[in-house]
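The structure is given below, and queries will be raised subsequently.
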Amino acid sequence: SLPIVGRLNSVRVSTMSNGTEEIRFPLSPSSALVIHKGDITKWFVDGSSDAIVNPANEWMLGGGGADGATHRAAGPELRAACYSVPEVRPGVRCPTGEARITPGFRLPASHVIHTVGPIYDVDSNPEASLRNAYRNSLRVAKENNIKYIAFPAISCGVYGYPFDEAATVAISTIREFSNDFKEVHLVLFTDDIYQVWLDKANELLQDQ
Ligand code: AR6
C-alpha cells in the first residue's frame, strides 16, 4: 500500500520472489534508482559487476550494524583484506567521506565498497561528509567497472544522521552519476527509513 507511487507513471513497482516490493525510478534511458527494503548482505545482481557499500568506521576492522552483518556474511577473509588496506594515519584506513574497495568473499555480491559516513553530532560539516561518502563510493565503483551498486542508509544508525536529510543527500548525489551505472539500489532495513526515503525519491525524481 504505497498510494503515492501510483500517481507516477515513470515508476515501476515489481514484487520480488521474497514478497518485497522493489520500486524503480529511471535516472537516464539506461539507468535506474531502485528502492527496496531488506538486508544488504543478501543483495546481488550478477555476482561479478556488483558491489554493496559497507557503512564502516575509519579503522575498517568491523563493528556493529550493517558493518557487523557484512563482515559476518563475508567471512574472516574480509577482515584480513581490510587489515591489509594501508593506514593513512595510525589506525585510520579510510578517513570519513572516503571509500575503499575489497572483494566480497562469501557474500553474493562480488565487491564491498567500504565508506565512512559522518558522526552527525561530532562532524563539523556532516552534510559535506555524507555527500563525500556517497560520491567517493560511486567514484571507486566506477573505476572498478561496477555496474550495479547497493547502498544502505549510511550514518542513519549509530552515527545518528536524521533520515530525511540523509535521503536528500543520498538521492541527489546518486543522480550526479546517472550515466555511470545500470542500477543504483537503496536497500533499507527498517520500515521508517524505507518510507521516508521512498517519499523523498518521489519528491526529487518525479520529473524524470
Ligand atoms: N542491511 C541493510 N541495512 C542495515 C543492515 C543490513 N543488514 N543492518 C543495519 N542496517 P549503521 P552508521 C541499517 O549503524 O550509522 C558500525 O558499528 C541500519 O538500520 O550500520 O553509518 C560501524 O562499524 C541503519 O539504517 O551505520 C561504524 O562504527 C543503517 O543501516 C558505525 O556503525 C546504518 O546504520 C557506522 O554507523
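Read-outs throughout are calculated quantities, based only on the coordinates presented, and are distinct from any laboratory measurement. Everything quoted here is computed from the prediction, not taken from an experiment. For neighbour counting, all protein chains shown are included, and Cβ atoms are generated from backbone atoms with ideal geometry for every residue, glycine included.
Just checking, how many residues over the stretch 86-99 are part of a strand (DSSP E or B) and either over 15 Å from the mean Cα position of the chain (by Cα) or surrounded by fewer than 22 Cβ atoms within 10 Å (Cβ to Cβ) (or both)? Break it down into steps so the answer makes sense when it comes.
Filtering the stretch 86-99 for residues part of a strand (DSSP E or B) gives 89, 92, 99.
Still in the running and either over 15 Å from the mean Cα position of the chain (by Cα) or surrounded by fewer than 22 Cβ atoms within 10 Å (Cβ to Cβ) (or both): 89, 92.
Looking only at that region, the number is 2.
Collect the residues in the stretch 52-85 that are buried (at least 19 other Cβ atoms within 10 Å of the Cβ), of a type outside the set (Gly, Ala, Ser) and farther than 20 Å from Leu186 by Cβ, keeping them in residue-number order.
Once the filter is applied, which keeps residues that are buried (at least 19 other Cβ atoms within 10 Å of the Cβ), of a type outside the set (Gly, Ala, Ser) and farther than 20 Å from Leu186 by Cβ, the stretch 52-85 yields Asn57, Met60, His71, Leu78, Cys82.
Restricting attention to the stretch 100-135, which residues are of a type in the set (S, T, N, Q), within 12 Å of the ligand (Cβ to nearest atom) and assigned to a strand (DSSP E or B)?
So in the stretch 100-135, the residues of a type in the set (S, T, N, Q) come out as 102, 110, 115, 124-125, 129, 132.
The next check asks that each one be within 12 Å of the ligand (Cβ to nearest atom); those that pass are 115, 129.
Within the stretch 100-135, just Thr115 meets the criteria.
Could you list, in sequence order, the residues of the stretch 163-196 that are more than 15 Å from the ligand (Cβ to nearest atom), of a type in the set (S, T, N, Q) and more than 12 Å from the chain's Cα centre (by Cα)?
Of everything in the stretch 163-196, those that are more than 15 Å from the ligand (Cβ to nearest atom), of a type in the set (S, T, N, Q) and more than 12 Å from the chain's Cα centre (by Cα) turn out to be Thr168, Ser172, Ser178, Asn179.
Results for (1) touching a Lys or Arg at 6+ places or on another chain (Cβ under 8 Å); (2) surrounded by fewer than 23 Cβ atoms within 10 Å (Cβ to Cβ); (3) farther than 29 Å from Gly91 by Cβ, shown as yes or no for each residue.
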site: Val112; (1), (2), (3): no, no, no
site: Arg131; (1), (2), (3): no, yes, no
site: Lys142; (1), (2), (3): no, yes, no
site: Val158; (1), (2), (3): no, yes, no
site: Tyr161; (1), (2), (3): no, no, no
site: Glu176; (1), (2), (3): yes, yes, yes
site: Leu204; (1), (2), (3): yes, yes, yes
